[in-house]
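Accompanying notes for the structure given below.
The values are calculated or read from the model by the stated rules, or taken from the named source; none is laboratory data. The shown structure was predicted, so the numbers you read here are calculated from the model rather than taken from an experiment. Cβ placement follows ideal geometry from the backbone for every residue including glycine, while neighbour counts extend to all protein chains displayed. Each accessible area value is taken on the protein alone, full model and side chains, heavy atoms only, with ligands, DNA and RNA left out. Shrake-Rupley method; radii C 1.70, N 1.55, O 1.52, S 1.80 Å.
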Amino acid sequence: MFLRLAYKSLLNRKPSVLLTIFAMTVSIVVMLGVEHTREQAKKSFDNSVSGVDLIVGARTGSLNLLLYSVFRLGNPTDNFSWRSYQNIASDNAVSWAFPIALGDSHRGYRVLGTNNDYFTHFSYGNRQSLTFNKGQAFERIFEVVLGAKVAASLNYQIGDEITLSHGVGSTSFTHHDHAAFKIVGILSPTGTPIDQTVHISVEGLEAIHLSPAKLNAIKGKLADVSLSNTEIFQQYGVSPSAITAMMLGLKSKVRVFSLQRKINTNKREPLMAILPGVALSELWQTMSVVESTLAVISVLVVISALLGLSAMLLSSMRERTQELRLMRIIGASPLFIYWLIELEALLITFVSAISAILIISGGLWLLKPWLLNEYGLTIDANLLSISNIEVIGIVFVCALIAAIPSAALAYKQSR
């Protein structure tokens, strides 16, 4: 009966209540949306790489190196030589290493040149290894492995052939039509930028930039399955000239700082080695000012909506004088009336919170493909996390506090 009475009372003041619900919904959308997006973006970034001890690239900012090598965001300032890659990979402290060569694309998706160690040693999330949904890793020069998102969005299957384009834009006027790559593998979804990546061998990436005569000669050797990519290239005096970055796993974590210092002080070529975890921490420190600003703005929006709720309840007290007297006549105590006003505030907040959750979930569900394609972010549309529940709980507590002046006035009038 208590709940029904509060509902009927709010229904009698429909216009003002609806406006208050609208204002509260907008404020909760802002507050919850900022908190959820921040949390999910951080989780998405943190899950994109694990198990990598060092990332090496041409000397640049550590954040820039992290962004283009792991998240495919931005562009590298420079490449470094294949000889430097071989020297670092052969260091006695290194357990495994694989190259990363960027620069080309396929219908807006970035192409990554690497080797088979990439599929063996790269991991994401909680040390989860890459797995194949279909097919296998490339073995020959003109074979390609697609990320799950690339294959799904472009409707590719094993055995299809694709051509690459120069540059990383969605529109390119320079296509490598003379060299078609056969799809031999499609990776399982990871929720990371890997899903949007086209993987080929570094030899394949080098081959599409050779002269037509040398490329045709190499194609003639591809039928000889006894020769590896490297052996075919060596026969024609060709080797990968430069790569964008490389990722390392060390035999012992103790040696990570000594190897990092050795790479950073290399006098033959200006290189930089970064620890992914440290670079991610720097990224969040850089973003902390923006996060704090957005948090303050969302809190102010919620406060203004709560003030509107308090003002609406206060303004209704004069209209409800007869209603309160009637309730006292039929036996309602002043305390009953006090909690009736508080319950009305909670009902308004509850409807606003449900509306906000539905709006945010629907919006994220619609924007999820775009966020993944444009920024490599996987934002979960499920808002039922501990931090989000805490935010909603705080809003409910604040609504109770905002209703105190109106509830106290109703209590006083009914005594």
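Quick one: Leu65 ticks every box in (1) surrounded by fewer than 18 Cβ atoms within 10 Å (Cβ to Cβ); (2) in contact with a Gly (Cβ under 7 Å, 6 or more places away or on another chain); (3) not aromatic (Phe, Trp, Tyr) bar one, so which box is it?
If we test Leu65 against (1) surrounded by fewer than 18 Cβ atoms within 10 Å (Cβ to Cβ); (2) in contact with a Gly (Cβ under 7 Å, 6 or more places away or on another chain); (3) not aromatic (Phe, Trp, Tyr), just (1) comes out false.
All but one of (1) touching a helix residue (DSSP H, G or I) at 6+ places or on another chain (Cβ under 6 Å); (2) open to solvent by 10 Å² or more (accessible area, probe 1.4 Å); (3) within 30 Å of Gly393 (Cβ to Cβ) hold for Arg4; state the number of the condition that does not hold.
Tallying (1) touching a helix residue (DSSP H, G or I) at 6+ places or on another chain (Cβ under 6 Å); (2) open to solvent by 10 Å² or more (accessible area, probe 1.4 Å); (3) within 30 Å of Gly393 (Cβ to Cβ), Arg4 fails exactly one: (1).
Among the residues of region 83-93, are any out of contact with any Asp or Glu (no Cβ under 7 Å at 6 or more places or on another chain), among the acidic types (Asp, Glu) and outside any helix (DSSP H, G or I)?
Looking for residues that are out of contact with any Asp or Glu (no Cβ under 7 Å at 6 or more places or on another chain), among the acidic types (Asp, Glu) and outside any helix (DSSP H, G or I), one finds at least one in region 83-93, hence yes.
Taking Gly57 as meeting all but one of (1) closer than 23 Å to Glu291 by Cβ; (2) of a type outside the set (Val, Ile, Thr); (3) outside any helix (DSSP H, G or I), write down the number of the exception.
With respect to (1) closer than 23 Å to Glu291 by Cβ; (2) of a type outside the set (Val, Ile, Thr); (3) outside any helix (DSSP H, G or I), Gly57 is out only on (1).
For region 96-130, give me each residue that is under 17 Å from Leu54 (Cα atoms) and open to solvent by 70 Å² or more (accessible area, probe 1.4 Å).
Of everything in region 96-130, those that are under 17 Å from Leu54 (Cα atoms) and open to solvent by 70 Å² or more (accessible area, probe 1.4 Å) turn out to be Thr120, Arg127.
Any residue in region 386-410 that is closer than 16 Å to Glu39 by Cβ and in contact (Cβ under 8 Å) with a residue 12 or more places away in the chain sitting within a Cβ distance under 7 Å of a residue that is open to solvent by less than 60 Å² (accessible area, probe 1.4 Å) and charged (D, E, K, R)? List the pairs, counting only those 6 or more apart or interchain.
Close Cβ pairs (under 7 Å, with a partner that is open to solvent by less than 60 Å² (accessible area, probe 1.4 Å) and charged (D, E, K, R)) amount to Ser387/Glu35; Ser387/Glu39; Asn388/Glu35; Val391/Glu35.
Restricted to region 68-82, and to residues that are out of contact with any Pro (no Cβ under 7 Å at 6 or more places or on another chain) and over 23 Å from Gly108 (Cβ atoms), which residue is most open to solvent (accessible area, probe 1.4 Å)?
In this case the residue turns out to be Asp78.
Taking Glu282, is it open to solvent by 40 Å² or more (accessible area, probe 1.4 Å) and part of a loop (DSSP other than H, G, I, E, B)?
Here the answer is no, as Glu282 does not meet what is asked.
Check Leu309, Leu294 and return the single one that is under 41 Å from the mean Cα position of the chain (by Cα), open to solvent by less than 70 Å² (accessible area, probe 1.4 Å) and hydrophobic (A, V, I, L, M, F, W, C).
Every option except Leu309 fails the conditions.
On the basis of being over 22 Å from the mean Cα position of the chain (by Cα), more than 26 Å from Ser44 (Cα to Cα) and either among the hydrophobic types (A, V, I, L, M, F, W, C) or in the same structural domain as Lys219 (by TED's automatic domain parsing) (or both), does Thr163 make the cut?
Considered against the rule, which asks whether it is over 22 Å from the mean Cα position of the chain (by Cα), more than 26 Å from Ser44 (Cα to Cα) and either among the hydrophobic types (A, V, I, L, M, F, W, C) or in the same structural domain as Lys219 (by TED's automatic domain parsing) (or both), Thr163 comes out as yes.
Restricting to region 177-215, name every residue that is assigned to a loop (DSSP other than H, G, I, E, B), under 16 Å from Gly147 (Cβ atoms) and either polar (S, T, N, Q) or more than 33 Å from the chain's Cα centre (by Cα) (or both).
Ser188, Thr190, Thr192
Could you check how many residues of region 154-181 are of a type in the set (Ser, Thr, Tyr) and at pLDDT 90 or above?
Residues flagged as of a type in the set (Ser, Thr, Tyr) and at pLDDT 90 or above within region 154-181 amount to 1.
Suppose we filter region 330-356 for residues that are modelled with pLDDT under 80 and in a helix (DSSP H, G or I); how many remain?
Adding up the residues that qualify gives 3.
Report whether or not Ile28 is within 17 Å of Leu275 (Cβ to Cβ) and not in a loop (DSSP other than H, G, I, E, B).
No; evaluated as a whole, the condition is false for this residue.
Working carefully through the options Leu300, Leu250, find the one that is at pLDDT 85 or above and assigned by TED's automatic domain parsing to the domain that holds Leu18.
Selected residue: Leu300, the only one of Leu300, Leu250 that is at pLDDT 85 or above and assigned by TED's automatic domain parsing to the domain that holds Leu18.
Conditions tested, residue by residue: (1) among the small types (Gly, Ala, Ser); (2) over 20 Å from Val30 (Cβ atoms); (3) at pLDDT below 85.
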residue	(1), (2), (3)
Leu358	no, no, no
Leu367	no, no, yes
Ile392	no, no, no
Val397	no, no, no
Ala403	yes, yes, no
Ser414	yes, yes, yes
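When the residues of region 8-20 are filtered to those that are in a helix (DSSP H, G or I) and out of contact with any Leu (no Cβ under 9 Å at 6 or more places or on another chain), which remaining residue is nearest to Ser288 (Cα to Cα)?
The extreme case among them is Leu19.
Are any of the residues in region 304-323 touching a residue at least 24 places away in the same chain (Cβ under 8 Å), touching an Asp or Glu at 6+ places or on another chain (Cβ under 8 Å) and in a helix (DSSP H, G or I)?
Within region 304-323, one or more residues are touching a residue at least 24 places away in the same chain (Cβ under 8 Å), touching an Asp or Glu at 6+ places or on another chain (Cβ under 8 Å) and in a helix (DSSP H, G or I).
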